[in-house]
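The values are calculated or read from the model by the stated rules, or taken from the named source; none is laboratory data. All values derive from a computational prediction rather than experimental measurement. Cβ placement follows ideal geometry from the backbone for every residue including glycine, while neighbour counts extend to all protein chains displayed. Keep in mind that these areas ignore ligands, DNA and RNA; they rest on the heavy atoms of the full protein, side chains included. Shrake-Rupley method; radii C 1.70, N 1.55, O 1.52, S 1.80 Å.
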Amino acid sequence: MSSIKHHFPDAFPVTDDCLHIGGMPLTRLARRVGGSFYAYDRRLLSERVKHVRSMLPDGVHVHYAMKANPMPAVVQHMATIVDGIDVASRRELKVALDTTISAEEVSFAGPGKSECDLESAIAAGIVLNLESNLEMERAARIGHELGCRPKAAVRVNPDFELKSSGMKMGGGSKQFGVDAEEVPEMLRRMKNLDIEFMGFHIFSGSQNLKSEAIIEAQEKSVDLGIRLAQHAPSPLKILNIGGGFGIPYFPGEMPLDLAPVGEKLGNLMPKVESEMPGAHVVIELGRYLVGEAGIYVTPVIDRKISRGKVFLVTAGGLNHHLAASGNFGQVIRKNYPVAVGNRMNGKEREIVSVVGPLCTPLDILAESMEMAKAEVGDLIVVFQSGAYGATASPTAFLSQPDVTEVLV
Ligand SMILES: *Cc1c(COP(=O)(O)O)cnc(C)c1O
């Protein structure tokens, strides 16, 4: 078991055994912020976007799927370095429109968009990713009422699956998008509606660490896009082939190798350019852009030994970080990479369980993990926490103090 190790990100420097983030020792940042907090590093966000661009062929647009981390300061930072922002609700749309990105670079996906959602989106002039025929008809009616021609892409539920994916969101029967075989008929109906057709959105899944699986999905998405384009009411402007790039969370997981993904996508580009001239290929990424740039930090409140087992009790737990507790879609609970931020190596090491303050046995941040021997007041750090953290957690549960988010 000890041979299967966590991949700890080496992006955060360690000086005097203390983790540094944003050019500051974690202990000092903790005094600045107070309590439990998430810290996101803007330098790492920028470096990650630059890295993705360097690996992908020229001309591929990189979008940020902001549900991964909707903190307004993070979204504004991302807005200056990506080509577009993908939103999944009206409140996310507001945050995206408050940034310096232009409305045409914002797209809105998600089943169950309300009248109000559609009205905001159409009034803003963003691109709607249509999830059904009924939604298309609603959009056309609202556009007519507002005197604004809706811009819309069709979200396609592909006729294939993203293999070895943490979360499959396409293929088979799904609540997302329109089944590929129904799309030609939908496009025929669109010709009679006052809608500006933009292209296709094909998102097959998420959290994938296998380049071969991503390559296969991208090849199939491009082929599907080309097949469906024959039925389009006008030439495509956008071919969004999804994303799905994962990051390593658990022992034994290795970072995704982007080099072959970029190379194979490069081989597909001439086909896209000849079959759909003028169309942009879009990749939409959430956690891959922000996940490794963020940490969750919570102070140790108590240290106790129960029948030989050491427990560190922290100020925050699953109420702040549901994913690290293992209750956000994990089948078998596994530890995130966790360390004592102010004693990265420590003089002594021990096996401990880190638990939050809630009265439920589900509130675990680390189970029987080796780390430096910690004392009350020390800072527990959960790495790989820049995505699906604060906003994916039940922060009201047990009415504990809220978690703060800072961009440094
Ligand atoms: C959730 C989602 C994403 C982002 O997924 P990540 O795993 O964070 O990259 C992108 N696109 C759509 C349509 C999504 O629903």
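Observations
- Count - residues of region 126-162 that are among the small types (Gly, Ala, Ser) and surrounded by fewer than 16 Cβ atoms within 10 Å (Cβ to Cβ): 1
- Members of region 112-125 found to be of a type in the set (D, E, K, R) and open to solvent by 20 Å² or more (accessible area, probe 1.4 Å), listed by number: Glu115, Asp117, Glu119
- Residue in region 185-196 that is under 24 Å from the mean Cα position of the chain (by Cα) and open to solvent by less than 10 Å² (accessible area, probe 1.4 Å) present: no
- Boolean, Val300 is outside the structural domain of Gly341 (by TED's automatic domain parsing) and either surrounded by fewer than 24 Cβ atoms within 10 Å (Cβ to Cβ) or within 16 Å of the ligand (Cβ to nearest atom) (or both): no
- Sub-7 Å Cβ pairs linking a first residue in region 18-39 that is at negative phi to a second residue that is open to solvent by less than 10 Å² (accessible area, probe 1.4 Å) and part of a helix (DSSP H, G or I), at least 6 apart or interchain, are Cys18/Leu26; Leu19/Leu26; His20/Leu26; Ile21/Leu29; Ala39/Leu29, ordered by first then second residue.
- Residue check for Ala392: open to solvent by less than 10 Å² (accessible area, probe 1.4 Å), of a type in the set (Gly, Ala, Ser) and within 25 Å of Pro248 (Cβ to Cβ): no
- Picking from residues in region 83-96 that are in contact with a helix residue (DSSP H, G or I) (Cβ under 6 Å, 6 or more places away or on another chain) and over 22 Å from Glu145 (Cα atoms), the one that is nearest to the ligand (Cβ to nearest atom) is Ala88.
Conditions tested, residue by residue: (1) part of a strand (DSSP E or B); (2) within 16 Å of the ligand (Cβ to nearest atom).
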| position | (1), (2) |
| --- | --- |
| Arg155 | yes, yes |
| Ser165 | no, yes |
| Gly170 | no, yes |
| Phe176 | no, yes |
| Glu219 | no, no |
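- In region 341-389, the residues that are of a type in the set (S, T, N, Q), touching a strand residue (DSSP E or B) at 6+ places or on another chain (Cβ under 7 Å) and surrounded by fewer than 19 Cβ atoms within 10 Å (Cβ to Cβ): Asn345, Ser353, Ser368
- Test result for Ile202, away from the ligand (no atom under 14 Å from the Cβ) and either at pLDDT 95 or above or open to solvent by 70 Å² or more (accessible area, probe 1.4 Å) (or both): no
- Every listed requirement among (1) under 25 Å from the mean Cα position of the chain (by Cα); (2) of a type in the set (A, V, I, L, M); (3) not assigned by TED's automatic domain parsing to the domain that holds Glu367 is met by Ala232 save one, (1).
- Selection from region 228-256 of residues that are within 15 Å of the ligand (Cβ to nearest atom), part of a loop (DSSP other than H, G, I, E, B) and of a type in the set (Phe, Trp, Tyr): Tyr249
- Filter result (more than 21 Å from Phe108 (Cα to Cα), open to solvent by 30 Å² or more (accessible area, probe 1.4 Å) and within 14 Å of the ligand (Cβ to nearest atom)) within region 32-79: Arg48
- Single residue of region 304-340 satisfying the filter (touching a residue at least 24 places away in the same chain (Cβ under 8 Å) and surrounded by fewer than 16 Cβ atoms within 10 Å (Cβ to Cβ)) that is farthest from the chain's Cα centre (by Cα): Lys309
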